[in-house]
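No value in this document is a laboratory result; all are computed from the given coordinates. All figures in this text were calculated on a predicted structure; none of them were measured in a lab.
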Amino acid sequence: MDREGWFSATPETISRYHAERCACDLVIDGFAGVGGNTIQLAFTCERVIAIDMDPRKLDLLMHNARIYGVADRIECLLQDFCTFLRNNHVAADVIFLSPPWGGPSYLSQGSVSLHELPPENWATLLRRALEVTPNVCLFAPRNINTEELTRVRPGEH
């Protein structure tokens, strides 16, 4: 695991909880990183498409997946999640999103807006994901603006 992976990977008990609720045939992990969520999803799903923009992270993900014995269920794609959605017509059962939160500074904010989080407007990410499937699992900071979340609808840009 790299330095960023140590503080950005989802704790295994939480990623296992997510994976149990996302059990399906095909799940897309839009921000795979070093594979904490991807690996647990591979235990509960037939196939996982793991997307990340960092080739080193995808190498670490596959290394970790081999250790857990689930590498054969994971397909890694080196690209941006939004670009993937624009250029591919995949019939995914579930899309799992745990985008970067922008570091620990989010903790000092009262409420985090969907429009302020990297890599781009999270409302746009959610809309694009909802155009593929109604089954989107978003792992977000605890202080996310939930009112904004309830207003996100597919197709509204």
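Under the 0.36 nm per residue contour assumption, what length would be gained going from the current alpha-carbon distance of N143 and H63 to full extension?
Stretched fully, the N143-H63 segment lengthens by 25.5 nm.
Name the long-range amide H neighbours of V112: under 5 Å, sequence gap of 5 or more, or other chain; modelled H, no Pro or chain starts.
Placed amide hydrogens put I144, N145 under 5 Å from V112.
Could you work out how much longer the chain between Q79 and A91 gets when fully extended? Use 0.36 nm per residue separation minus the Cα distance between them, nm to one decimal. Kindly include the intermediate steps, with their values, before the conclusion.
Values: separation 12, 0.36 × 12 = 4.32 nm, distance 1.83 nm.
Value of the extension gain: 2.5 nm.
Amide H of F96 versus every other amide H placed in the peptide plane: which residues, excluding those fewer than 5 positions away on the same chain, fall under 5 Å?
I28, D29, G30, C137
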